[in-house]
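Structure, as structure tokens:
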Amino acid sequence: MKGPLFYSKILLFGEYGIIRDSKGLSIPYNFYNGALKKDANPSDEAIQSNGHLKRFVAYLEQLQKDQPDLVTFDLETLNSDVQTGMYFDSSIPQGYGVGSSGALVAAIYDKYAQHKITVLENLTREKLLTLKTIFSQMESFFHGKSSGLDPLNSYLSIPILINSKDNIEATGIPTQSFEGKGAVFLLDSGIVGETAPMVNIFMENLKDKGFRTMLKNQFVKYTDACVENFLGGDMKSLFENTKQLSKVVLNNFKPMIPEQFHGIWQEGIDSNDYYLKLCGSGGGGYILGFTQDLEKAKESLKDFKLEVVYQF
């Protein structure tokens, strides 16, 4: 058995901000993917993944009991498949901010949810929100608190624009230009990040009035501007606002940036060769970079592995 592929995602803008109703823009990233599988001779990784799935299924059984109106699964088939060795075969790195648990949630919903909303129907805002709510509850098993956006992106495999918590829509992004010098890239920090502790730090910080003011007046303001600039193809303004956003993150989200990257982050702001921002919750994993000149950025960051996500 091998199920359909579900892809990783990148939240270009909106990490943490969407918890406070900023805009956000999430795009599928087809470089990594995962699928549900069974093998006659499973590897150690497959056996480990199967163990995780058993715990996840127990959680879903409880979820269905607690919220029968939210979602129902074919639990009999799901249990039987997991008992006979089903696992999630994934190339998506875990703890890297590119949606490894989101792809798994999407795969389970796709195969076992009853009366599911499918990609082929007319995806009204109401249906998108219903999916997001279901996915948020399902993915909470992995992170403690989830927006549901990662699985939504993986499930639909289209860019999603978040206008606010209860206003999301499928969107189109400007076509890539492989002739252009500009790029969005991923920088590998070489450290695995843990989502839950980072989100906890953020929630603690929210108790501070000064932090909340900074979020509203700076972080959300620049995030919203970046989303509008990117979708509108206004690259000049995009880089001005990304630079400001990069500064705000360096000054106010230090715990989410691995220590050895504080200097490199500042160098980008000073040289204008590139600007860095968080990819997902931070704490490790990937860091997202924006540059107007990819060759310059590669030269400045020659000690690191860069993966180009989008070119313009």
Within segment 41-77, which residues are among the aliphatic types (A, V, I, L, M), open to solvent by 20 Å² or more (accessible area, probe 1.4 Å) and in a helix (DSSP H, G or I)? I47, A58, L75
Can you find a residue that is open to solvent by 50 Å² or more (accessible area, probe 1.4 Å) and either acidic (D, E) or assigned to a helix (DSSP H, G or I) (or both) anywhere in segment 272-285? no
So for segment 217-225 (the condition being closer than 18 Å to S281 by Cα and either in contact with an Asp or Glu (Cβ under 8 Å, 6 or more places away or on another chain) or free of Cβ contacts under 8 Å to residues at least 24 places away in the same chain (or both)), does at least one residue qualify? yes
In segment 83-123, how many residues are in a helix (DSSP H, G or I) and either of a type in the set (S, T, N, Q) or over 26 Å from the mean Cα position of the chain (by Cα) (or both)? 3
Under the condition of being open to solvent by 40 Å² or more (accessible area, probe 1.4 Å) and assigned to a loop (DSSP other than H, G, I, E, B), which residue from segment 124-150 is farthest from A35 (Cα to Cα)? T124
Yes or no: G97 out of contact with any Ser or Thr (no Cβ under 6 Å at 6 or more places or on another chain) and modelled with pLDDT under 95? yes
Restricting the search to segment 242-271, which residues are in a loop (DSSP other than H, G, I, E, B) and surrounded by 19 or more Cβ atoms within 10 Å (Cβ to Cβ)? F253, I257
T223 passes all but one of the listed conditions (1) part of a helix (DSSP H, G or I); (2) out of contact with any Leu (no Cβ under 8 Å at 6 or more places or on another chain); (3) closer than 15 Å to I19 by Cα; the exception is number (2)
S22 meets each of (1) assigned to a loop (DSSP other than H, G, I, E, B); (2) free of Cβ contacts under 8 Å to residues at least 60 places away in the same chain with one exception, condition (2)
So L238 fits all but one of (1) open to solvent by 10 Å² or more (accessible area, probe 1.4 Å); (2) more than 24 Å from G284 (Cα to Cα); what number is the exception? (1)
Of all residues in segment 151-204, count the ones that are open to solvent by 50 Å² or more (accessible area, probe 1.4 Å) and part of a helix (DSSP H, G or I). 5
Pairs only if they're at least six apart or on different chains, beta carbon under 8 angstrom, first in segment 286-312 and open to solvent by 60 Å² or more (accessible area, probe 1.4 Å), second outside any helix (DSSP H, G or I) and acidic (D, E); list them, first residue then second. K296/D273; E299/D273; F304/D188; K305/D188
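The values are calculated or read from the model by the stated rules, or taken from the named source; none is laboratory data. It should be emphasised that the depicted structure is a prediction, and the values quoted were computed from it without experimental measurement. Note that we place each Cβ from the backbone using ideal geometry, even for glycine, and neighbour counts take in every protein chain shown. All accessible areas refer to the heavy atoms of the entire protein, side chains included, with ligands and DNA or RNA removed. Shrake-Rupley method; radii C 1.70, N 1.55, O 1.52, S 1.80 Å.
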